[in-house]
1. How far is helix 43-55 tilted off the main Cα axis of the chain, in degrees rounded to 10, range 0 to 90?
2. Tell me the mean residue ellipticity at 222 nm calculated for the chain from its helices only (DSSP H runs of n ≥ 4, each -39500 (n - 2.57), averaged over every residue, nearest 500).
3. Given that just one value was derived from the coordinates, which of (1) 15.9; (2) 15.4; (3) 12.8 is Kirkwood radius over Cα pairs in Å?
4. Give the angle, between 0 and 90 degrees and rounded to the nearest 10, that separates the Cα long axis of helix 19-30 from the longest principal axis of the Cα atoms of the chain.
């Protein structure tokens, strides 16, 4: 099973509401799991910023 999220485990309570249920869920999901944290920038964010810049070029400065 692969689960991806942009939230840290501490923030999962915001989604599930109940801290006890969230702790139990995380306990079961992470038991014998390999957790890989990726700290690089999102590829989708990079692409959307690039597309935005291509669609709305900055005006050239007058010399």
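1. Result, in degrees: 20.
2. On the way: 3 runs with 30 residues, N = 63.
The helix-only estimate for the chain comes to -14000 deg cm²/dmol at 222 nm.
3. The calculated read-out lines up with (2).
4. 80 degrees
Every number in this text was worked out from the coordinates using simple rules, so none of it is lab data. As the structure is a prediction and not an experimental result, all values here were calculated from the model.
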